[in-house]
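Visitor: Have a look at this one.
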Amino acid sequence: MELTIREHIVRIQIIDIRGRLQAASVGALRNEQTRLIDAGNQHFIVDLRETTFMDSAGMSALVSLLKQAKQIGGDVVLVKPTDEAAYRILTLTRFDQVFRMADTVEDALRLF
């Protein structure tokens, strides 16, 4: 008989961003991303449901998180903004083709 036992635990950090994701506030997000990666986390859900605006600095922070997570075997799933303009920014820049996206946090959790 051959017996194999594996532990399967996926720790997923959920980052909830409300309001404007822009240059003036993106430093706090980048600091938290660094802290989470340095702590050994590799799977992330970024909940953008209540994000009303994103500029290039904010979008750059999301790409940076994805790159860092992928380098250590992880991934990032974005929860789509409910604000139409914020969602349009993601589709126009083709983030919806780079990131896996979900409608809710629960749907995002199922993608891991």
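Visitor: Modelled with pLDDT of 95 or more, over 26 Å from D38 (Cα atoms) and of a type in the set (S, T, N, Q): is that true of Q97 in this structure?
Guide: Taking the combined requirement at face value, the residue satisfies it.
Visitor: Now for a different question. Got at least one residue in the range 67-78 being in a helix (DSSP H, G or I) and of a type in the set (D, E)?
Guide: No: zero hits.
Listed here are the residues, each with its yes/no results for (1) surrounded by 13 or more Cβ atoms within 10 Å (Cβ to Cβ); (2) of a type outside the set (S, T, N, Q).
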| position | (1), (2) |
| --- | --- |
| S25 | yes, no |
| L29 | yes, yes |
| H43 | yes, yes |
| T52 | yes, no |
| G74 | yes, yes |
| T93 | yes, no |
| R110 | no, yes |
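Visitor: Provide a single number: the residues in the range 79-112 that are assigned to a loop (DSSP other than H, G, I, E, B) and closer than 17 Å to D16 by Cα.
Guide: Qualifying residue count, the range 79-112: 7.
The values are calculated or read from the model by the stated rules, or taken from the named source; none is laboratory data. Bear in mind that the values here come from a model prediction, so they are computed numbers and not experimental data. Heads up, the Cβs are rebuilt from the backbone with ideal geometry, glycines too, and the neighbour counts pull from every protein chain shown.
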